Number of protein chains: 2
Amino acid sequence: MIGASEDNEYYILTSPTVLPKASGFLWNEKMMIQLNCRGYATSQFMQPEPAKYSHAPNLEAKSFMQPEQPYYAHHPGRFVYVKDETNGRLFSAPYEPVRSLYDRYTFEVGKHRIVWNIEQDGVAVEMSLSLPKEDAIELWRIKVKNVSMSKRNISIYPYFTVGYMSWMNQSGEYNEALQAIVCSSITPYQKYKEYDKIKLLKDKTYLLADRKPYAWEASQEAFEGEGGLVRPSSIESETLGNGDARYEMPAAVLQYRMELEPGEESEYRFLFGPAKDEDEIAQIRRKYFMESNAVDVENGFEKAEWEYAEYVSEGQGCLEIRTPDADFDNFINHWLPRQMYYHGKTNRLTTDPQTRNYLQDHMGMSYINSRIARESFLTALSQQNADGGMPDGILLHEEAELKYINQVPHSDHNVWLPICISAYLDETNDYSLLDEKVPYADSEELATVAEHIDRAMHYLMRDRDERGLNYIHQGDWCDPMNMVGVRGKGVSGWLTIATAYAFNIWADICEAGGRMEAGQTFRLAAEETNAVVNRYLWDGEWYVRGITDDNVAFGVKEDKEGRIFINPQGWALLSGAADDERKEKLIRSVEEQLETPYGVEKLAPSYTAMREDVGRVTQKHPGTAENGAVYNHAAAFYIFGLYAAGEQQDNAYRLLRKMLPGPNHEDIVRRGQLPVFIPNYYRGAYRQFPRTAGRSSHLFNTGTTAWVYRCLIDGLFGLQGSPSGLQIKPQLPTEWQEASVKREFRGARLNIEMKRYAGVQMTEVYLNGELVESGVLERLQSGSEYEVLVKLPQQ
Amino acid sequence: MIGASEDNEYYILTSPTVLPKASGFLWNEKMMIQLNCRGYATSQFMQPEPAKYSHAPNLEAKSFMQPEQPYYAHHPGRFVYVKDETNGRLFSAPYEPVRSLYDRYTFEVGKHRIVWNIEQDGVAVEMSLSLPKEDAIELWRIKVKNVSMSKRNISIYPYFTVGYMSWMNQSGEYNEALQAIVCSSITPYQKYKEYDKIKLLKDKTYLLADRKPYAWEASQEAFEGEGGLVRPSSIESETLGNGDARYEMPAAVLQYRMELEPGEESEYRFLFGPAKDEDEIAQIRRKYFMESNAVDVENGFEKAEWEYAEYVSEGQGCLEIRTPDADFDNFINHWLPRQMYYHGKTNRLTTDPQTRNYLQDHMGMSYINSRIARESFLTALSQQNADGGMPDGILLHEEAELKYINQVPHSDHNVWLPICISAYLDETNDYSLLDEKVPYADSEELATVAEHIDRAMHYLMRDRDERGLNYIHQGDWCDPMNMVGVRGKGVSGWLTIATAYAFNIWADICEAGGRMEAGQTFRLAAEETNAVVNRYLWDGEWYVRGITDDNVAFGVKEDKEGRIFINPQGWALLSGAADDERKEKLIRSVEEQLETPYGVEKLAPSYTAMREDVGRVTQKHPGTAENGAVYNHAAAFYIFGLYAAGEQQDNAYRLLRKMLPGPNHEDIVRRGQLPVFIPNYYRGAYRQFPRTAGRSSHLFNTGTTAWVYRCLIDGLFGLQGSPSGLQIKPQLPTEWQEASVKREFRGARLNIEMKRYAGVQMTEVYLNGELVESGVLERLQSGSEYEVLVKLPQQ
């Protein structure tokens, strides 16, 4: 049912019913669209806040992106009805709304194009979507081919949902001059001052055709009649009603009639998207549908498709791998960097990304386009307060404001600064970043990046109780336990451990940058913190998650629910808190209590009811009816911790592999995950609710991607940068006998062969045939290519 | 297709397809449900803010009630699938989701019960809904009868939609002990302080059965499978899957299998609604399904149905009419007081009704239950500020706050006080109300009601420009033109006229209450205001609507759009501003420019684009793609003004009749309005968009009802109370030769015959056979019954 195509750039699904929620997504600078294999679509564009041009048929709440959104008959989508005019037979592509059993069906998710191929009763339909690089426009091609032996009389009806645009005003009509259905609305407002903003919004939705339709319909109700979506009444007639919508719910439906000889094909192109007014639509028409007579100038539509392919292909990672695991290779080479690139380019389509997300997304961007990463780190630091505190979200637009969860103060944002920037420094060796001068949000004073981060670290050192444990306040990362510390006393186990890790990382960077004294300060702080962690937070077999305002430790062995959390364990492997004995114990505890066939759960056993001294950890991340999802972001840190601990390569690889969707992961794939992105979670509570465990959230916004990539660079393939060069220290799974990696590094290209040899005792690194004792490749020249052989011991 | 049933208490529809949006509604102290003839349902309950227990399948915006909401395949509803187990044939009642063509179909909207009767393939299904008086629970009966000649094997599947309850947590399962599907959710929150409120919410939805089901399904997706709602896959099997929902979208589906002999009937009863927890559901089970052996004690379910019928029947008006227009009689006798009663009892299911709505709804309640009206007026006045200004909304719950449009200051609230209270005084003669002492919102000071209203009137006198025209600020009534006066200069033509009317009314009341000096003050103020109105606001053929901040008059003959507005015209007939010549001119202008087959438009020609010096009048009340609906509330005032003007009885009756939905009003009925309520608008823009003009909003919240009733009391039947008694002064349409009216008045019952006699020159009133020269029936005794004959001249 599922297989990688030859060029490894597509994943193909061959039945719409087996994986009913399989989807792919495309994005550009202004928009994102997630297309479900059945034809349902979720799309947003920025103006500057996220907005819709294809709506649900009722008033939808404005909200952040939701996981596991249910689909339903009238869900927004892009469909084509195909009618045989001779016998009246009807089917629709793709699958919905008619739900025929096709003769042939494929859904191909490519990097820059999503394509359906459908064949029914001798008629083949190909639908494909691409985007332009910058405009918020969908570029659709619909090809119809007679694959039967006789002449056919066919009508096709592209039906693009517009939906309930507004209670204030909505309408739709066919505009002859534009050759488009144009649907209009007014964004509701109540206070007159809001009007100045809303009058600038792109409140129209259009479906623009490259050729004149035979007929059209702009009213949803008139289109459907009593037949409903399964067999719309207006399609029963020879011609659509050419109707308009006047405060009725609009739809964009066109009819094209054609006679096709055997083998004959006809292609139609459409633009679908939001616009301010008819003038803008006219401009779009000119830009994309203006044909040129010059032989070497392609029309705007094709040019835009080509430019978009280019744009997406710019999102290359710095690794190209060939291992014994072909599916792993395919995912790592193609899809993982694409997902990281999406994060770095779109900032999750929000104008106020959470600070921790923004920093981690640009950590990922360090491997793709370090210039963008650098600018983003500076943007984030310019919004730091002079007391060292980072804000809850980074404002990316002059009209942006902190929304939703960003209005709740979280205590962890500072720790991410050195952690994320260290990856950038490893990759680029651009220590000049630390000397850049940046203002504070609440002060004109300019200070170097190093000074900014010093203050962030000191802020964390101050924000502690008398024991030296970090206050949690109204929440920290990943488990927003908003009631642990609301009275100002409760502390976070994870955050305290994380500060130790951050101090150590920052000490490394200070020392590498020649600030030895500062380095010593932070190294000492890390040691003291780790000591405190072991004194107050070690529960005998694992680290506790926190201690409430009432001094009740939780995430401890006495707890019936929420007994063990993954985050304190993974980070204790990183911070230096855990000695060998503790490492062994906590790794065993995680394996016994948190590992499932779908990965490592965030906590277990899942909470089944609210614990009022802890808070909403029991409801967030609804991977199950209760909590405890396989939260991939947290799992990635644990894996990163395993690599840091050493000698855990098989453990680490096994968990990494469970996180990645793919053809070999039947448990996951069967539940509806096409392997083009890592979702933010798989459902957990495996031991409590096995039926639904492992299901995907279908949400591709997640900090996981950058950390998985870093696991590969720093861990599995051991190709981490350092001030002196590239350190080679692979931790291949023992079952792998060899692997080859192409690594782009500071402009140099390294062709690296890793292989196990009998008799080799420890890793030996050869650069262009010469042994490098240190394992660190120094003085690599940008623009040069190197052959590297890595001899590994057999196991 | 539509007809009144014998007892005139039901309206019956006999096809679900002719009027696809026909609906009825029920309410009680805690909830409201609007049932569409096809089975779709919109229901809300108060806790204390409006909430849902049957949701759309996607995240719905929290909003006030919207007009003309679109229905769609997965819209919330109450359905029963019926399967013949022998041949697998399937249909659903009522109509949706299967949409069979039935052998027989009726949809009966009763006052306290809504009933479907459906027959298909020899199986008859009766579904009926009632409510208890106080609990937020739906009481359903489903009867299945074999009306064929052979034994039948039937399965029925009540499918009650639960939908997308929450992104935070949702689940559903069958609870054996409760014999119920119980669906659970958690209202999303982000700030920890919100949790204290949300944890008290009734976040569960249950479907509780009076007998054990054969099987069940609690997952929407498992229920539907690939068959979808039209033919759910799980129904194809012999038995439902007995499945649960774990963060999946829940549904409540039960299966009952039965063998029915010819003529045999089986009845099932269900409770559907929201609950806090399982304990509450268990209590509900005991209360409604506990059977008693005592012969004279009915079970709770039947008792609740009976009590609800009693409750609804308490909402009697004070008129019972018999006229040559039977449909008019039926509507006025049964449905109009029911709609008024709903308003007075529920306050539109909001905790912050707009002040003007609250006052008018209780003006209506004066005719039904004057005690409630009295209390409500006192409540409203206790929220007045000491400077005389009334707030934008009246807070009815300790946690209530001003929401939506109530956050925008409107300038008209004060005028409604004397206008609405005058009807209460006419009806009750309870002038003691004026001496009640009430505090202010911003002062402990107690002042009499008279003093409160004095201050309200003085406030209006002060809130004027140098010409003496009333500022509009950010809006007034009915056309929230929020940009006319934002700079503090623009004035409202209507509001200035309305103040004159209010001053006159208040002067009358002051004088009737013996405050002659105050009366003189307000009388003078009214005269001065009317003079100013005629100086600045008369446009030659009608009164202008307002003058903007930039001193531009609008609603004037030079305007291409928004040339004439109804409100200044109707109120000028009431305020005394218009002399006979002006009356004639403005009445002609309204007839020529605003009257349509569906009533009088609010303004014409409809705006087709924003006029930025006027504001959102162009988008509000989306009766058309633009503005200009037949806004019944405004139309009712104009009719009231016609009666006040005198000699307009035919004009007035014609417009009144256009407003009322009914079997004779094919233009309206054909567009989907069952005649059980007056909607807040019919679509307008008749001259611009005739196709959609006349459609109903399907929204039954409207101040129209009280004013229509008052038009009948004060105008058409001329049976208005006064300090000295009941003044008889009918204005029957000339075509009526007679009419009889039963009038409840201050405890007395009057049987009034009105009849035209040859030779009668002017109205003659006979009380128990004796001529009453003044036409005022004085000294009527509470508890007594009187025969009244009114002789009218022939015309």
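Threshold 20 Å², probe 1.4 Å: give the residues of the stretch A:207-221, in number order, that are less accessible with all protein chains present than with their chain alone.
Residues meeting the cut-off: A:E221.
Can you tell me how the stretch A:27-104 classifies by the Cα gyration tensor, rounded, prolate or oblate, using a/c under 1.5 as the rounded cut?
Note, shape of the stretch A:27-104 comes out prolate.
Run through the stretch B:378-433 and list the GluC sites (Glu not before Pro) located in a DSSP loop whose Cβ has at most 13 other Cβ atoms within 10 Å.
Passing sites in the stretch B:378-433 are B:E398, B:E399, B:E401.
Which residues belonging to the stretch A:238-264 lose at least 30 Å² of 1.4 Å-probe accessible area when the assembly is complete, relative to their chain isolated?
Listed by number, the residues meeting the 30 Å² cut-off are A:R246, A:Y247, A:E248.
Rank A:G721, A:A685, A:G344 by how far each Cα sits towards the positive end of the charge dipole of the protein assembly as shown (+1 on Lys, Arg Cβ; -1 on Asp, Glu Cβ) and give me just the farthest.
It is A:A685.
Can you give the Kirkwood hydrodynamic radius for the stretch A:375-447, in Å, rounded to one decimal and based on Cα pairs?
That comes to 13.4 Å for the stretch A:375-447.
Which residue, chosen from A:L433, A:A553, A:Q794, occupies the Cα position most advanced towards the positive end of the dipole of chain A, where the dipole is computed from +1 (Lys, Arg) and -1 (Asp, Glu) charges on Cβ about the Cα centre?
The residue sitting farthest along the positive end of the dipole is A:A553.
Show the residues, 5+ positions off or on another chain, whose built amide H is closer than 5 Å to the amide H of A:R211.
Counting only residues 5 or more places away or on other chains, the set is A:R269.
Suppose every Lys and Arg Cβ carries +1 and every Asp and Glu Cβ carries -1, with no other charges. What dipole size does the protein assembly as shown come out with about its Cα centre, to the nearest 20 debye?
That gives the protein assembly as shown a dipole magnitude of about 1280 debye.
With a 1.4 Å probe, what is the total accessible area buried between chains A and B, in Å² rounded to the nearest 100?
Interface between A and B: roughly 5800 Å².
Helix B:493-512 against the longest principal axis of chain B: what's the angle in degrees, Cα atoms only, rounded to the nearest 10?
Roughly 80 degrees, rounded to the nearest 10.
Please report the equivalent ellipsoid semi-axes of the stretch A:157-291, computed as sqrt(5 x eigenvalue) of the Cα gyration tensor, largest first, in whole Å.
Calculated on Cα positions only, the semi-axes equal 29, 20, 9 Å.
Can you give the FRET efficiency to the nearest 0.05 for B:E517 and B:Y431, using r as the Cβ-Cβ distance and R₀ = 22 Å?
0.85
Inside 10 Å of the C-beta atoms of B:49-58, what's the mean count of C-beta atoms belonging to other chains?
3
Taking R0 as 45 Å, what FRET efficiency do you get between B:S724 and B:D465 from their Cβ-Cβ distance, rounded to the nearest 0.05?
Computed FRET efficiency for B:S724 and B:D465 comes out at 0.65.
When ranked by the protection proxy of mean other Cβ atoms within 10 Å per residue, highest first, what sequence do the peptides B:305-315, B:332-342 form?
Ranking, from highest mean packing down: B:332-342, B:305-315.
Could you rank B:L319, A:L59 by how accessible they are, 1.4 Å probe, largest area first?
So the residues, ranked largest to smallest area, are A:L59, B:L319.
Using alpha carbons only, how many degrees (0 to 90, rounded to 10) separate the axis of helix B:516-536 from the longest principal axis of chain B?
Between the helix axis and the principal axis of chain B, the angle is about 90 degrees.
Pairs of Cα atoms under 8 Å, at least six residues apart: use those to get the relative contact order of chain B, whole percent.
9 percent
Tell me, in nm to one decimal, what length is gained between B:S782 and B:A386 on full extension, where the rule is 0.36 nm per residue of separation less the Cα-Cα distance?
In short, 138.7 nm is gained.
With N denoting the number of residues in the stretch B:28-164, provide Rg(C-alpha) divided by 2.2 N^0.38 Å, to two decimal places.
Taking N as the residue count of the stretch B:28-164, the ratio is 1.13.
In debye, nearest 20, what is the charge dipole magnitude of chain A about its Cα centre with +1 on Lys and Arg Cβ and -1 on Asp and Glu Cβ, if you could check?
1280 debye
Across the residues of B:690-703, average count of Cβ atoms on other protein chains within 10 Å?
For this peptide, the per-residue mean of nearby foreign Cβ atoms is 1.
With the cut-off at 24 Å, tell me which of the pairs B:K30/B:K403; B:K133/B:K287; A:K193/B:K199; A:K52/A:K276 have Cα atoms farther apart than that.
A:K193/B:K199
Distances from A:T734 to the same position in the other copies: list them in nm, one decimal, shortest first, using label points 7 Å from Cα along Cα→Cβ.
10.8
At R0 = 51 Å, how high is the FRET efficiency between B:S150 and A:R691 if r is their beta carbon distance? Nearest 0.05 is fine.
Here the calculated transfer efficiency is 0.75.
Which of the GluC sites (Glu not before Pro) found in the stretch A:699-771 are loop residues per DSSP with 14 or fewer other Cβ atoms within 10 Å of their Cβ?
Here the sparse-neighbourhood loop sites are A:E735.
Sort the stretch A:296-390 into rounded, prolate or oblate with this rule: let a ≥ b ≥ c be the square roots of the eigenvalues of the Cα gyration tensor; rounded if a/c is under 1.5, and if a/c is not under 1.5, prolate when a/b is larger than b/c, oblate otherwise.
Oblate is the answer for the stretch A:296-390, as a/c is 1.5 or above yet b/c matches or exceeds a/b.
Treating the angle as unsigned and between 0 and 90°, give the value, to the nearest 10°, between the Cα long axis of helix A:278-289 and the longest Cα principal axis of chain A.
Roughly 90 degrees between the two axes.
What Kirkwood radius, in Å to one decimal, follows from the Cα pairs of the protein assembly as shown?
36.4 Å
If I take every Cα pair under 8 Å that is 6 or more residues apart in the stretch A:496-642, average their sequence separation and divide by the length, what percent do I get for the relative contact order?
Rounded, it is 21 percent for the stretch A:496-642.
List the trypsin sites (Lys or Arg not before Pro) within the stretch B:473-516 that fall in a DSSP loop (any state other than H, G, I, E or B) and whose Cβ has at most 15 other Cβ atoms within 10 Å.
B:R487, B:K489
Using a 10 Å cut-off around each Cβ of peptide A:184-192, what is the average number of partner chain Cβ atoms that fall inside?
The shielding value for this peptide is 5.
How big is the stretch B:121-206 on each of its three principal axes, counting only the C-alpha atoms and giving the largest first in Å?
64, 28, 24
With just the Cα atoms defining each centre, how far is the stretch B:116-133 from the stretch A:369-385? Give it in Å.
65 Å
Quote to one decimal, in nm, the extra length available between A:E558 and A:K133 on full extension: 0.36 nm per residue of separation minus the C-alpha distance between them.
Computed gain between A:E558 and A:K133 is 147.5 nm.
Taking the label point 7 Å from Cα in the Cβ direction, how far apart in nm is A:E517 from each other copy of itself, listed shortest first?
Here the equivalent label points are 8.7 nm apart from this one.
Which order, highest average first, do B:779-786, A:157-164, A:254-261 follow once you tally other Cβ atoms within 10 Å for each residue and take the mean per peptide?
Top of the packing list down: A:157-164, A:254-261, B:779-786.
Report the Cα centroid-to-centroid distance between the stretch A:155-208 and the stretch A:83-97 in angstrom, as an integer.
A separation of 28 Å, based on Cα centres.
Would you mind putting B:546-556, A:599-609, A:542-552 in packing order, based on average other-beta-carbon counts within 10 Å, highest first?
The packing order, highest mean first, is A:599-609, A:542-552, B:546-556.
Please report the equivalent ellipsoid semi-axes of chain A, computed as sqrt(5 x eigenvalue) of the Cα gyration tensor, largest first, in whole Å.
48, 30, 26
Sort shortest first the distances from B:Q795 to its counterpart in every other copy, using label points 7 Å along the Cα-to-beta-carbon line, and give them in nm.
10.1
Starting from the exponent 0.38 and prefactor 2.2 Å, build the expected Rg for the stretch B:159-217 from its residue count and divide its actual Cα Rg by it.
The reported ratio for this selection is 1.32.
Skipping prolines and chain starts, which residues have an amide H placed within reach, meaning under 5 Å, of the one on B:Y164, given they are 5 or more residues away or on another chain?
B:H55, B:A56, B:N58
Rounded to a whole number, what % of the accessible area of chain B do carbon and sulfur atoms account for, probe 1.4 Å?
46 percent
Work out how much length B:A400 to B:L378 would gain on full extension: take 0.36 nm times their residue separation and subtract the Cα-Cα distance, in nm to one decimal.
6.1 nm is the gain from fully extending B:A400 to B:L378.
Once Lys and Arg get +1 and Asp and Glu get -1 on their Cβ, which of B:N28, B:N58, B:G39 lies farthest toward the positive end of the dipole of the stretch B:16-74?
Working it through, the farthest residue towards the positive pole turns out to be B:G39.
The values are calculated or read from the model by the stated rules, or taken from the named source; none is laboratory data. As the structure is a prediction and not an experimental result, all values here were calculated from the model. No Cβ is skipped: glycine too gets one built from the backbone with ideal geometry, and neighbour counts run over all protein chains shown. Only protein heavy atoms, including side chains, enter the accessible area calculation; ligands, DNA and RNA are left aside. Shrake-Rupley method; radii C 1.70, N 1.55, O 1.52, S 1.80 Å.
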